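The values are calculated or read from the model by the stated rules, or taken from the named source; none is laboratory data. Note that the coordinates shown come from a computational prediction; the quantities given were computed from them, not determined experimentally. Please note: Cβ atoms are built from the backbone with ideal geometry, for glycine as well, and neighbour counts cover all protein chains shown.
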Amino acid sequence: MSHESHETHHVNYLGVFFVLCICTALSVAFDLLHFPAPVTIVLVLAVACAKAMCVMMFFMHLKFEGNWKFVLLAPTTILAIGLPLALFPDIGRSYYTNVAPQVTTWKDEVEAYNKSHHGEEHPEPTETPAGEKQGG
Amino acid sequence: MSHSPKAPALRMGIPIPNSKLGMWLFLGTEIMFFTAFIGSYIVLRLGSPGWPTDSKDTHINVLFGGVNTFVLIVSSYFVVVAHEAMAQKKYAKARSYLGLTLLLAFVFLGIKALEYKGKIDHDILPGRIPETATQAIAKADRQLEAIVRSRFSEYSAVGVVNANPGDILGLSTEIAGLPKANKPKDIDAGTFKLFQDRAPVDAKLYSEWLNLHQHVVANVSLSVPAVPADYLTARASLKEGEKFPELGIAEVQDYINKLKTNEQFGADVSKGVFELHPIVYGNIFASTYFLMTGFHAIHVIVGMILFAVVLMQKNLDGTWTDFVENSGLYWHFVDLVWIFLFPLLYIVKW
């Protein structure tokens, strides 16, 4: 049994390692290139998936394992995906956005802060925007 | 009853060692464990418009994350080479590569510690981040009060004042009168003189904090006097419908900055009061960041223990091959998790 599990598969581990390094460099490059956000997200997650596939297929030897890998990992994967899918309609789509205090009560405060922080000078105390409410 | 010598042995189950099957089953649970965190993070982030992504807010350093990704990839490579060496009975080589893997795990944790320190230094911690201007002002007020209480506690510790250590008003009255007070019998003259000399400084700091605190409670601009009697006088002059200007974050920041320049207590204020910097959704960002990277770091430590167990064996032989393979599978999984954490935490901005 032990012998079967230690069969040599002649994988070019160094080659896989270099592919992973290149992929990591690509991820950092995508961050530095300042593409539109959706493009960057798609690119870096695609690179992450490619890296994950390399690690699983070659370093974890799943490419050379029998069909048991599907039996073992398919239910896990389905259950793992289930949680985000279950949360998404309630949290990801609406997350009480319309009534969140950050959006309603404190919106003016945050805008006033951003305005004073990114403006030329801090506003004089007497010129504090009326939106700066207490009570948060 | 004799079996044919060429008949294949009947075997049931999956053709892998039980330990490896156990490791894969464990990794199956680990996939669900981390997917719950990562999935929740994605979902929460999608539902939070204005999630902090600016490195000035989050103190996320892409370079640190990138280097750590590289470190884990190199360590993954070393582990797989170590396992290959074990299979080829080159145990010394396997030991060397496992040693290098352990070293890289230390490097990973060292960089992670630097990242954590950057966040702790700026108070980017769950539950401690002001999300609005009001919360930032209130936090500055609390932090200044903590400095006053800390400095007052030194008087209580040596016994030059009698008020209850928690009674900040009583302490402030006693400290303000300390320069003219008589020395208690059980305090030596040098110590008493020392506290008499610094009493006016601490009384001044207290009055500065009290001034701010009264404005914070009343939500009135610092341009309006805070003494209650003056409020009444000032209020009497207001026309109908008029009200005092409200307290603004910029003027509080200026007020704190001025205190920081004070020669006597400025250093304490600089150390103890952070810049007033509201970060919308900062707390949930910090919670998810520390949850995911924290649990990942714990997994790194567990992996280090596994490698250390192998490295501690005086005679590494073939009986450890399965152990090294399973430890390697675990380590690759740790790498796999980081492969997704790196883009999601360090790069993706939306």
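I want to confirm something. Restricting to the stretch A:65-78 and keeping residues that are loosely packed, with under 12 Cβ neighbours inside 10 Å and of a type outside the set (S, T, N, Q), which single residue is nearest to the other protein chains (Cβ to nearest Cβ)? Checking each candidate, the answer is A:Gly66.
Scanning the stretch B:276-323 for residues that are assigned to a loop (DSSP other than H, G, I, E, B) and within 12 Å of another protein chain (Cβ to nearest Cβ) gives B:Leu276, B:His277, B:Pro278, B:Ile279, B:Val280, B:Tyr281.
Within the stretch B:170-182, does at least one residue satisfy the condition of being assigned to a loop (DSSP other than H, G, I, E, B) and of a type outside the set (Gly, Ala, Ser)?
First, pick out the residues of the stretch B:170-182 that are assigned to a loop (DSSP other than H, G, I, E, B): B:177, B:181-182.
Next, only the ones that are of a type outside the set (Gly, Ala, Ser) stay: B:182.
Checking the stretch B:170-182: at least one residue is assigned to a loop (DSSP other than H, G, I, E, B) and of a type outside the set (Gly, Ala, Ser).
Working only within the stretch B:274-302, note down all residues that are farther than 21 Å from B:Leu344 by Cβ and modelled with pLDDT of 95 or more. Scanning the stretch B:274-302 gives B:Ile301, B:Val302. The residues on offer are B:Val62, B:Val71, B:Val67, and the sole one that is at the interface with chain A (Cβ under 8 Å from one of its Cβ atoms), aliphatic (A, V, I, L, M) and touching a helix residue (DSSP H, G or I) at 6+ places or on another chain (Cβ under 9 Å) is B:Val62.
Pick out, from the stretch B:7-105, the helices (runs of 4 or more DSSP H) lying fully within it that include 1 or more residues that are free of Cβ contacts under 8 Å to residues at least 40 places away in the same chain and in contact with a Leu (Cβ under 7 Å, 6 or more places away or on another chain). Even if it seems obvious, please write down each step before you answer.
Numbers: elements: B:18-46, B:55-58, B:62-87.
Hits in the stretch B:7-105: B:18-46, B:62-87.
If you go through the stretch B:136-170 one residue at a time, how many are small (Gly, Ala, Ser) and closer than 19 Å to B:Gly190 by Cα?
Initial filter on the stretch B:136-170 (small (Gly, Ala, Ser)): B:136, B:138, B:140, B:146, B:150, B:153, B:156-157, B:159, B:163, B:166, B:170.
With closer than 19 Å to B:Gly190 by Cα added as a condition, the list becomes B:153, B:156-157, B:159.
Residues that pass the stated criteria total 4.
Inspection of the stretch B:273-288 identifies at least one residue that is among the hydroxyl-bearing types (Ser, Thr, Tyr) and surrounded by fewer than 18 Cβ atoms within 10 Å (Cβ to Cβ).
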